Amino acid sequence: MGLLTQFRQNQINANDAAIDRHDQLFRQYLEHVDAETWREDSGRRITILARSPASPVVKAFVGRQEDLKLRNIGARIIVARLEPESELRRMARALSELVDDADVGALVRWASNDCILDAHEQLILGSQMCWSGDAMRREPGKRDSLDLFERDAPGTVRLGVLAFDAIWSVAVKVPTSRLGLRRPAKPVGGLAPQPGTALPKPAFLAGGSPAATRH
(Lines give C-alpha, C1' and ligand atoms only; values in the text may rest on other atoms or scores of the structure.)
Protein backbone atom coordinates (compact mmCIF):
# COMPACT_ATOMS: atom_id res chain seq x y z
CA MET A 1 0.00 0.00 0.00
CA GLY A 2 1.41 3.39 -1.03
CA LEU A 3 1.84 6.21 1.47
CA LEU A 4 -0.95 8.29 -0.12
CA THR A 5 -3.34 5.33 -0.15
CA GLN A 6 -2.49 4.52 3.46
CA PHE A 7 -3.02 8.17 4.46
CA ARG A 8 -6.44 8.23 2.83
CA GLN A 9 -7.39 4.93 4.48
CA ASN A 10 -6.32 6.31 7.85
CA GLN A 11 -8.52 9.36 7.26
CA ILE A 12 -11.50 7.14 6.40
CA ASN A 13 -10.95 5.03 9.51
CA ALA A 14 -10.62 8.12 11.71
CA ASN A 15 -13.80 9.61 10.21
CA ASP A 16 -15.76 6.38 10.78
CA ALA A 17 -14.53 6.26 14.37
CA ALA A 18 -15.63 9.87 14.90
CA ILE A 19 -19.11 9.12 13.53
CA ASP A 20 -19.38 6.14 15.88
CA ARG A 21 -18.30 8.30 18.81
CA HIS A 22 -20.95 10.90 18.07
CA ASP A 23 -23.55 8.20 17.57
CA GLN A 24 -22.81 7.06 21.11
CA LEU A 25 -23.50 10.59 22.36
CA PHE A 26 -26.86 10.56 20.59
CA ARG A 27 -27.60 7.16 22.09
CA GLN A 28 -26.89 8.45 25.61
CA TYR A 29 -29.10 11.46 24.99
CA LEU A 30 -31.97 9.33 23.69
CA GLU A 31 -31.70 7.05 26.71
CA HIS A 32 -31.82 10.14 28.91
CA VAL A 33 -34.92 11.40 27.11
CA ASP A 34 -36.64 8.04 27.50
CA ALA A 35 -35.87 7.97 31.21
CA GLU A 36 -37.15 11.48 31.97
CA THR A 37 -40.57 13.11 32.05
CA TRP A 38 -39.79 16.43 30.40
CA ARG A 39 -41.47 19.56 31.68
CA GLU A 40 -39.73 21.97 29.32
CA ASP A 41 -39.24 22.05 25.56
CA SER A 42 -35.47 22.57 25.88
CA GLY A 43 -35.10 18.92 26.83
CA ARG A 44 -36.23 17.89 23.35
CA ARG A 45 -34.11 20.27 21.31
CA ILE A 46 -30.68 19.83 19.82
CA THR A 47 -28.36 22.22 17.99
CA ILE A 48 -25.32 21.47 15.85
CA LEU A 49 -22.52 23.81 14.88
CA ALA A 50 -20.31 22.07 12.31
CA ARG A 51 -17.58 22.75 9.80
CA SER A 52 -19.60 21.16 6.99
CA PRO A 53 -22.51 18.79 6.34
CA ALA A 54 -19.87 16.06 5.99
CA SER A 55 -18.67 16.52 9.58
CA PRO A 56 -19.01 13.35 11.68
CA VAL A 57 -21.37 15.09 14.11
CA VAL A 58 -23.79 15.88 11.24
CA LYS A 59 -23.53 12.35 9.83
CA ALA A 60 -24.33 10.92 13.26
CA PHE A 61 -27.38 13.20 13.41
CA VAL A 62 -28.53 11.99 9.99
CA GLY A 63 -28.19 8.40 11.13
CA ARG A 64 -30.37 9.08 14.17
CA GLN A 65 -33.14 11.11 12.54
CA GLU A 66 -35.73 8.35 12.88
CA ASP A 67 -35.05 8.04 16.62
CA LEU A 68 -35.27 11.82 17.01
CA LYS A 69 -38.55 11.96 15.08
CA LEU A 70 -40.04 9.18 17.20
CA ARG A 71 -39.37 11.28 20.32
CA ASN A 72 -40.54 14.57 18.80
CA ILE A 73 -37.10 16.17 19.11
CA GLY A 74 -36.39 19.35 17.12
CA ALA A 75 -33.05 20.44 15.66
CA ARG A 76 -31.24 23.45 14.21
CA ILE A 77 -27.93 23.30 12.36
CA ILE A 78 -25.25 25.83 11.40
CA VAL A 79 -22.51 24.87 8.95
CA ALA A 80 -19.44 26.86 7.95
CA ARG A 81 -19.24 25.18 4.52
CA LEU A 82 -22.12 24.16 2.25
CA GLU A 83 -20.13 21.52 0.41
CA PRO A 84 -20.31 18.70 -0.37
CA GLU A 85 -23.76 19.41 -1.77
CA SER A 86 -24.82 15.76 -1.61
CA GLU A 87 -24.23 15.75 2.15
CA LEU A 88 -25.99 19.11 2.53
CA ARG A 89 -29.10 17.71 0.85
CA ARG A 90 -28.91 14.54 2.91
CA MET A 91 -28.78 16.68 6.04
CA ALA A 92 -31.78 18.70 4.84
CA ARG A 93 -33.75 15.50 4.16
CA ALA A 94 -33.03 14.33 7.71
CA LEU A 95 -34.32 17.64 9.06
CA SER A 96 -37.40 17.32 6.85
CA GLU A 97 -38.25 14.10 8.67
CA LEU A 98 -38.55 16.12 11.88
CA VAL A 99 -40.72 18.90 10.40
CA ASP A 100 -42.64 19.76 7.24
CA ASP A 101 -40.44 20.38 4.20
CA ALA A 102 -41.62 23.99 4.16
CA ASP A 103 -39.92 24.58 7.51
CA VAL A 104 -36.48 23.08 6.81
CA GLY A 105 -35.06 26.32 5.43
CA ALA A 106 -35.70 27.93 8.80
CA LEU A 107 -33.61 25.28 10.58
CA VAL A 108 -30.33 25.62 8.67
CA ARG A 109 -27.91 28.54 8.43
CA TRP A 110 -24.54 29.13 6.81
CA ALA A 111 -21.76 30.73 8.88
CA SER A 112 -20.34 32.45 5.81
CA ASN A 113 -18.27 35.10 7.58
CA ASP A 114 -14.65 34.17 8.25
CA CYS A 115 -14.67 35.60 11.77
CA ILE A 116 -17.04 32.81 12.82
CA LEU A 117 -14.57 30.07 11.88
CA ASP A 118 -12.74 30.46 15.18
CA ALA A 119 -15.76 28.98 16.97
CA HIS A 120 -15.60 25.30 17.83
CA GLU A 121 -17.78 22.58 16.43
CA GLN A 122 -20.51 21.94 18.96
CA LEU A 123 -23.40 19.62 19.70
CA ILE A 124 -25.97 20.53 22.34
CA LEU A 125 -28.29 17.71 23.35
CA GLY A 126 -31.26 18.95 25.35
CA SER A 127 -30.61 20.97 28.48
CA GLN A 128 -27.93 18.80 30.11
CA MET A 129 -25.44 17.51 27.51
CA CYS A 130 -22.90 19.32 25.35
CA TRP A 131 -20.00 18.25 23.10
CA SER A 132 -17.25 20.56 21.81
CA GLY A 133 -14.76 19.75 19.07
CA ASP A 134 -12.01 21.52 17.14
CA ALA A 135 -12.36 24.98 15.65
CA MET A 136 -14.30 25.10 12.39
CA ARG A 137 -11.31 26.77 10.72
CA ARG A 138 -9.24 23.60 10.94
CA GLU A 139 -8.88 21.23 8.02
CA PRO A 140 -10.30 17.79 8.88
CA GLY A 141 -6.92 16.08 8.48
CA LYS A 142 -5.01 18.66 10.54
CA ARG A 143 -6.94 18.65 13.79
CA ASP A 144 -5.54 18.37 17.30
CA SER A 145 -8.49 16.22 18.29
CA LEU A 146 -10.18 18.40 20.90
CA ASP A 147 -13.05 16.22 22.06
CA LEU A 148 -14.95 17.28 25.16
CA PHE A 149 -18.31 15.82 26.16
CA GLU A 150 -20.14 16.81 29.32
CA ARG A 151 -23.36 15.43 30.72
CA ASP A 152 -25.33 16.79 33.67
CA ALA A 153 -23.77 20.14 32.78
CA PRO A 154 -26.52 22.78 32.50
CA GLY A 155 -23.99 25.59 32.95
CA THR A 156 -21.93 24.45 29.96
CA VAL A 157 -25.11 23.98 27.93
CA ARG A 158 -26.22 27.51 28.78
CA LEU A 159 -22.93 28.94 27.47
CA GLY A 160 -23.19 26.73 24.41
CA VAL A 161 -26.70 27.98 23.70
CA LEU A 162 -25.51 31.59 23.96
CA ALA A 163 -22.68 30.88 21.52
CA PHE A 164 -24.97 29.06 19.08
CA ASP A 165 -27.62 31.80 19.18
CA ALA A 166 -24.99 34.51 18.63
CA ILE A 167 -23.66 32.74 15.54
CA TRP A 168 -27.18 31.98 14.32
CA SER A 169 -28.02 35.69 14.49
CA VAL A 170 -25.21 36.63 12.07
CA ALA A 171 -25.29 33.52 9.88
CA VAL A 172 -26.89 33.44 6.44
CA LYS A 173 -30.06 31.63 5.50
CA VAL A 174 -29.24 28.79 3.07
CA PRO A 175 -30.98 29.14 -0.33
CA THR A 176 -33.82 26.66 -0.69
CA SER A 177 -32.39 25.43 -3.99
CA ARG A 178 -29.15 24.38 -2.26
CA LEU A 179 -31.09 22.26 0.21
CA GLY A 180 -32.99 20.44 -2.52
CA LEU A 181 -36.36 21.29 -1.00
CA ARG A 182 -39.51 20.69 -2.98
CA ARG A 183 -41.23 23.82 -1.68
CA PRO A 184 -39.99 27.27 -0.67
CA ALA A 185 -39.17 27.63 2.99
CA LYS A 186 -41.34 29.80 5.19
CA PRO A 187 -39.85 33.25 5.74
CA VAL A 188 -37.78 33.73 8.88
CA GLY A 189 -38.11 36.94 10.86
CA GLY A 190 -35.38 39.50 10.13
CA LEU A 191 -33.04 39.86 7.20
CA ALA A 192 -29.93 37.72 7.03
CA PRO A 193 -26.64 39.38 6.04
CA GLN A 194 -25.36 38.65 2.56
CA PRO A 195 -22.28 36.46 2.09
CA GLY A 196 -19.09 38.48 2.40
CA THR A 197 -20.70 41.27 4.45
CA ALA A 198 -18.26 42.62 7.03
CA LEU A 199 -19.49 41.76 10.50
CA PRO A 200 -18.20 42.79 13.91
CA LYS A 201 -16.63 39.87 15.73
CA PRO A 202 -19.19 38.55 18.23
CA ALA A 203 -18.10 39.14 21.81
CA PHE A 204 -18.13 35.44 22.69
CA LEU A 205 -15.49 34.76 20.02
CA ALA A 206 -13.09 37.05 21.88
CA GLY A 207 -13.01 34.65 24.82
CA GLY A 208 -14.98 33.58 27.83
CA SER A 209 -16.94 30.74 26.27
CA PRO A 210 -15.77 27.12 25.74
CA ALA A 211 -16.98 27.33 22.15
CA ALA A 212 -14.80 30.34 21.46
CA THR A 213 -11.35 29.19 22.51
CA ARG A 214 -8.98 29.10 19.57
CA HIS A 215 -6.82 26.00 19.11
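Descriptive notes on the structure:
- Members of the range 22-40 found to be in contact with a Gly (Cβ under 9 Å, 6 or more places away or on another chain) and farther than 20 Å from residue 163 by Cβ, listed by number: 23, 26, 32, 33, 36, 38
- Residue that is surrounded by the fewest Cβ atoms within 10 Å (Cβ to Cβ), among those in the range 80-103 that are touching a residue at least 40 places away in the same chain (Cβ under 8 Å) and within 15 Å of residue 58 (Cα to Cα): 85
- Annotation: residue 99 fulfils all but one of (1) outside any helix (DSSP H, G or I); (2) more than 16 Å from the chain's Cα centre (by Cα); (3) under 19 Å from residue 172 (Cβ atoms); the unmet one is (3).
- Across the range 21-40, the number of residues qualifying as among the acidic types (Asp, Glu), at pLDDT below 90 and surrounded by 11 or more Cβ atoms within 10 Å (Cβ to Cβ) comes to 1.
- Summed over the range 123-153, residues that are modelled with pLDDT under 90, in a strand (DSSP E or B) and either crowded, with 23+ Cβ neighbours inside 10 Å or of a type in the set (D, E, K, R) (or both) total 1.
- In the range 96-134, the residue that is farthest from residue 50 (Cα to Cα) out of those that are touching a strand residue (DSSP E or B) at 6+ places or on another chain (Cβ under 7 Å) and of a type in the set (Ser, Thr, Tyr) is 112.
- Taken over the range 104-122, the criterion of being buried (at least 23 other Cβ atoms within 10 Å of the Cβ) and more than 17 Å from residue 161 (Cα to Cα) is satisfied by 104, 105.
- Scanning the range 41-73 for residues that are buried (at least 19 other Cβ atoms within 10 Å of the Cβ) and of a type in the set (Ser, Thr, Tyr) returns 47, 55.
- Residues being among the charged types (D, E, K, R) and within 10 Å of the chain's Cα centre (by Cα) - total across the range 60-78: 1
- Scanning the range 69-96 for residues that are part of a helix (DSSP H, G or I) and either closer than 23 Å to residue 162 by Cα or of a type in the set (S, T, N, Q) (or both) gives 86, 95, 96.
The values are calculated or read from the model by the stated rules, or taken from the named source; none is laboratory data. Quick caveat, the model's predicted, so the values are computed rather than measured. Positions of Cβ are generated from backbone atoms using ideal geometry, with glycine treated the same way; all protein chains shown enter the neighbour counts.
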